[in-house]
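What follows is one structure encoded as structure tokens, with my remarks underneath.
Just so it is clear, none of the values below were taken in a lab; they were calculated from the coordinates. Owing to the predicted nature of the structure, the values given are computational and were not obtained by experimental measurement. Using ideal geometry, Cβ is built from the backbone for each residue, glycine included, and neighbour counts are taken over all protein chains shown.
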Amino acid sequence: MYNASSTDRIEIVGPTNVTSMNEFRRDILKGLTASQKFIPSKYFYDACGSNLFEKICLLPEYYLTRMELSILKDSASAIMENFQGGDLIELGSGASWKVKTLLNVAYQSSLIDIRYIPIDVNELVLKEASKELLSEYPHLKVLGIVADFTKKIEKIPTEREKLFILFGSTIGNFHEKEAITFLRNIAQLMEPNDRFLLGLDMVKPREVLEPAYNDTQGVTSEFNKNILSVVNRKLDANFHLDHFDHYAFFDSEKSQMEMHLRANCKIAAEIKGLNLHITMEKGETIRTEISRKFTIRRAEAMIAEAGFVIKRWFFDPNQWFSLIELTRSTSDLWKRHLNDQLTQRRARKENLRKCKFANMKRPVRMHGKV
Ligand code: SAH
Ligand code: TRP
């Protein structure tokens, strides 16, 4: 409704499948007892972490946000052209800045039957961002879902036309196999007319990549170390943040940035919530994030394997970043169709067998007499 109050236009569901304390314990135990220690990167995003991430996006060295926004500004009309109203579903939406470029175009062309569905683990950030959007766009409806997007999300509506969005090269933060599984799960939710807009950071010289994750103001360092505060708070641990240095480098063989916390002295930490004592040598690291950088070929291979077809690529003039518009592959739809048919045929056969068995006269079968 045109002038519905903002409370009528917003619904927030969840937290639905967000990490339980047991899962957090398991993840940290596994990560800190592995030979290369690691902490899953979704634990960056508490209130402080999300705040710091927004600061990262504004850093001069962090070109990703600027590039993606400039591509979006240039391509928003083309992207929204065929969207006849429906659900805009953004995964890992954070502060929901980038989606505004799409909403602005929709509003100009009075394409107002849009529901925005942000999905994020951070409830507070999701709520704040949603409220801001409601006041900026008086027609917009918002269904916020507080959930972990690496798990099954029950609440995603499927009845309307859908445009899925994953900005910020978040797909690069998944390992190769995890990325395929993640993308396949999205493909399963899509109908042939639905689309998926995927932001990817491309391979470029180390001289550009490394400063983007090693800013001179130390914001990325603070963001990285904050993950230890999360462990300290949730598991009653005593990691000294000053005993670690932020360490980010480009691994050209794997074509990925890696972020670590490197011990600058011998570490002895107590994690009471796990009943665990951790020691680390000076120089030993905890890996906290990877950020894979793509070539066109690698991106194409990942996309095909995940069951998508590329409709269009959008680049900035230097091809530093890209947005890819995807639909689900019809051969994949065929596979699903054939699978369904096979299952149905098996069920029919099984039914027939049961019927035949039921129709047989018991004594005949039981005594083997014909
Ligand atoms: N899309 C925004 C933010 C990217 S940062 C941009 O492009 O600038 C990644 C976002 O994903 C954060 O808001 C974080 O809270 C969220 N996030 C990280 N791991 C997640 C997970 N497993 N499930 C849901 N959201 C997650
Ligand atoms: N996906 C973005 C990237 O890889 C944002 C991001 C995730 C990030 N984790 C980060 C940025 C850690 C800096 C530090 O760049």
Qualifying aspartates and glutamates (Cα of each under 16 Å from Cα of Lys141; at least 8 residues distant if same chain):
Asp8, Glu11, Asp87, Glu90, Asp113, Glu128, Glu132, Glu159, Glu161
When a footprinting reagent is the concern and you count Cβ atoms within 10 Å, what order do Ile89, Ile156 take, fewest first?
Ile156, Ile89
Can you sort Met21, Met259 so the residue with the fewest Cβ neighbours within 10 Å comes first?
Met21, Met259
Along principal axes, Cα extents of the range 48-117, largest first, whole Å
36, 24, 16
Starting from the Cα gyration tensor of the range 5-48, multiply each eigenvalue by 5, take the square root, and state the resulting semi-axes largest first in whole Å.
33, 12, 6
Could you tell me how many degrees, from 0 to 90 and to the nearest 10, lie between the Cα long axis of helix 99-108 and the main elongation axis, the longest principal axis, of the Cα atoms of the chain?
70
Past the 34 angstrom mark, what percentage of all C-alpha to C-alpha distances in the chain do you count?
36
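Which pairs in the list Lys151/Lys254; Lys131/Lys204; Lys30/Lys266; Lys55/Lys254; Lys100/Lys151 are over 32 Å apart, alpha-carbon to alpha-carbon?
Checking Cα-Cα distances, Lys131/Lys204 exceed 32 Å.
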Taking Cα atoms only, helix 47-57 is inclined relative to the longest principal axis of the chain by an angle, in degrees rounded to 10, of 80
Using Cα positions and a limit of under 27 Å, work out the lysines in reach of Lys354, with same-chain residues fewer than 8 apart set aside.
Lys369
Over what distance in Å are the Cα centres of the range 286-308 and the range 91-121 separated?
25
Could you size up the charge dipole of the chain around its Cα centre, putting +1 on the beta carbon of Lys and Arg and -1 on that of Asp and Glu, and report it in debye to the nearest 20?
2820
Once normalised by the length of the chain, the mean sequence separation of its alpha carbon contacts under 8 Å that are 6 or more apart gives a contact order in percent of 19
What is the Cα centroid distance between the range 219-281 and the range 136-201, reported in whole angstrom?
30
Just want the ordering: Ser252, Ser322, from fewest to most Cβ atoms lying within 10 Å of their own Cβ.
Ser252, Ser322
Taking the 0 to 90 degree range and rounding to the nearest ten, how far is the long axis of helix 296-305 tilted relative to the main principal axis of the chain, both from C-alpha atoms?
30
Rounded to two decimals, the Debye log10 I(q)/I(0) of the range 53-198 (Cα scatterers, no solvent) at q = 0.14 Å⁻¹ is -0.67
